[in-house]
Amino acid sequence: MKVLHNSFECYPIAKVGGLADVVGSLPAYQTKLGIEADVVMPYYSNTFVQKQKKSEIFSGNISLGSKEYEYKIYNIVNNKIKYGVYLIFVEGLLDSESVYGYDDETDRYLGFQLAVLNWLTIEKVKYDVIHCHDHHTALIPFMINNCYEFQRLGNTPTVITIHNAQYQGQFSHNRMEIIPDFDFSNAGFLDWYGSINPLATGIKCASKVNTVSPSYMDELKSHANGLEGLLRTESAKCTGILNGIDTDFWNTETDKMLPKNYKVSNVVSGKKTNKKVLCEKYGFDSEFPLFGFIGRLVSEKSADLLPEAILQAINDNSGISLFILGSGHKEIEDQLIELKDQFKGNFNVHIGYNEKLAHLVYAAADFLLMPSRVEPCGLNQMYSLRYGTIPIVRRTGGLKDTVIDIGDGGFGICHDQASVWDICYSIGRAIELFRDVKLFRKIQKRIMKIDNSWAKSAQEYIDLYKSI
């Protein structure tokens, strides 16, 4: 079986969030299970792409309304990437350094999808399943089934994975001309509440739809930024498959980004060494319980609650350390920087993202904060478990599926509301656990043994492909 993953992100080529981690790992695990999985994505003028050995394998032309573009497809030649990777280059459209944040994003998304389908049609490249990730690629199922120039692909089954339903890619019906000719009696597939909505279109037209955790699929049927009724109507073809993590990459025994590697048998000394490194760098007392947060500083992650929660937590417990790694809303960033000066020795923040520092935080922290309002799956809690760091999570989406509270015989600390009170109460529970050294060490060893690898989930995707 041959599967083509279509995505705007794929680690290590281009990463903004969890989408990149999923698309960077899932095809590798599918390949191990005997599936021929490839990834096609935009060409980015970033450092990684520029350093790669590439070969041009195809060139063609696409139209976006009255605009004509030439595109080229490059194949990356890299033995460390265990699946095929194809990059689509369009000068001035698909050659940016960053992934998102451009004024012409609708054209960029559609231009990418058109180039993929044009390539598959002209070259007669045969894939058994075309797998689309998020709204950036969600018009592919519609165009395969309805656009005249792609009729040869019309019998190809499609899957769309919803990584985050809050972003749907809507644009005006006034731009209908950028979609290739189709039978206009089928235009209703494109519409959702008066706009062309790519994600809604993908849900309507794909053979199967899945989200990245079972709980997130359940939640979307009542809270999906306007798609609730559609997902309920299409529920027969919808399922939830929990993401996994790449346990070869996220491995405390071999992680080259850590000052000291460790395993279950020496987790105490290993984490102590890594904690000391981080504490010395950011001015913490390594004897204090260390709480980390890694993520985007946006309301979706409840980051707007963090400044007040940090203020209250430190006022209530002077013997703690809190460290934040992330970027996002300027107002939240400014508040955190102000707290950094106010609570030297107890709080520090690194604005931005740093992969090496993220690995150190997972290895050094005693607890990881994830009080998210929305968390379709979440990977950070799985990384933290793998590194012996106890997650503190709000019960939502994939966090609910992967973390069980210690009060229920589990290994994490859970709360139900996205509130300052819940965060601070959970921090208090964590401090009590930290002081119970015997139980704390027992849980650290237990969580490092939990298997959240892609092996099981990759097989579930293969079973989904086989069903269509």
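A short reminder: the numbers here are calculations on the coordinates, not readings from a lab. Bear in mind the structure is a predicted one, so any value in this text is a computation, not a measurement. Here Cβ is always computed from backbone atoms with ideal geometry, including for glycine, and neighbour counts include all displayed protein chains.
What residues of the range 83-111 lie in the reach of a label at Glu70, counting those whose backbone N is under 12 Å from a point 7 Å from the Cα along Cα→Cβ?
90-91
Please turn the phi angles of the range 296-303 into ³J(HN,Hα) values with the Karplus equation 6.51 cos²θ - 1.76 cosθ + 1.60 (θ = phi - 60°), one per residue in order, whole Hz, x for glycine and proline.
Rounded to whole hertz, the list is 6, 8, 9, 5, 4, 8, 6, 5.
Once both labels are modelled 7 Å past Cα along the beta-carbon direction, what's the Lys237-Ser63 spacing in nm?
Distance between the two pseudo-spin positions: 2.9 nm.
How large is the charge dipole for the range 311-350, taken about the Cα centre, if only the Cβ atoms of Lys, Arg (+1) and Asp, Glu (-1) carry charge, to the nearest 20 debye?
140
Tell me what the chain gives for mean residue ellipticity at 222 nm when only DSSP H runs of n ≥ 4 count, each as -39,500 (n - 2.57), the sum divided by the residue total, rounded to 500 deg cm²/dmol.
Helices in the chain give a 222 nm mean residue ellipticity of -11000 deg cm²/dmol.
Tell me, what is the FRET efficiency for Ile468 and Lys276 to the nearest 0.05, using R0 = 51 angstrom and their Cβ-Cβ distance as r?
After rounding to 0.05, the efficiency reads 0.45.
So how strong a dipole does the chain carry about its Cα centre when Lys and Arg Cβ are +1 and Asp and Glu Cβ are -1, to the nearest 20 debye?
Its charge dipole is roughly 1940 debye.
Helix 330-342 versus the longest principal axis of the chain: what angle, 0 to 90°, nearest 10, using Cα atoms?
Taking the Cα atoms of the chain, the angle to 330-342 is about 20 degrees.
When the chain is fully extended, how far beyond the present Cα-Cα distance does Asn174 get from Asp128, taking 0.36 nm per residue of separation?
Extending this stretch completely gives an extra 13.1 nm.
Fully extended, how many nm does the chain gain between Gln151 and Asp191 (0.36 nm per residue separation, minus their Cα-Cα distance)?
12.2 nm
Do the alpha carbons of any pairs in Lys80/Lys260; Lys281/Lys438; Lys72/Lys208; Lys51/Lys80 sit beyond 21 Å of each other, and which pairs?
The answer is Lys80/Lys260; Lys281/Lys438; Lys72/Lys208.
Report the percentage of all Cα-Cα pairs in the chain whose separation exceeds 32 Å, rounded to a whole percent.
Pairs farther apart than 32 Å: 41 percent.
Sorted by average packing, counted as other Cβ atoms within 10 angstrom per residue and highest first, what order do 269-277, 13-21, 367-375, 234-242 take?
By packing density, highest mean first, the sequence is 367-375, 13-21, 269-277, 234-242.
How big, on average over all directions, is the shadow cast by the Cα convex hull of the range 368-440, in nm²?
4.4
Where does helix 18-32 land angle-wise versus the long Cα axis of the chain, in degrees 0 to 90, nearest 10?
70
If you fit an axis through the alpha-carbon atoms of helix 306-316 and take the longest principal axis of the Cα set of the chain, what angle between them do you get, 0 to 90°, nearest 10?
In the chain, helix 306-316 runs at an angle near 10 degrees to the longest axis.
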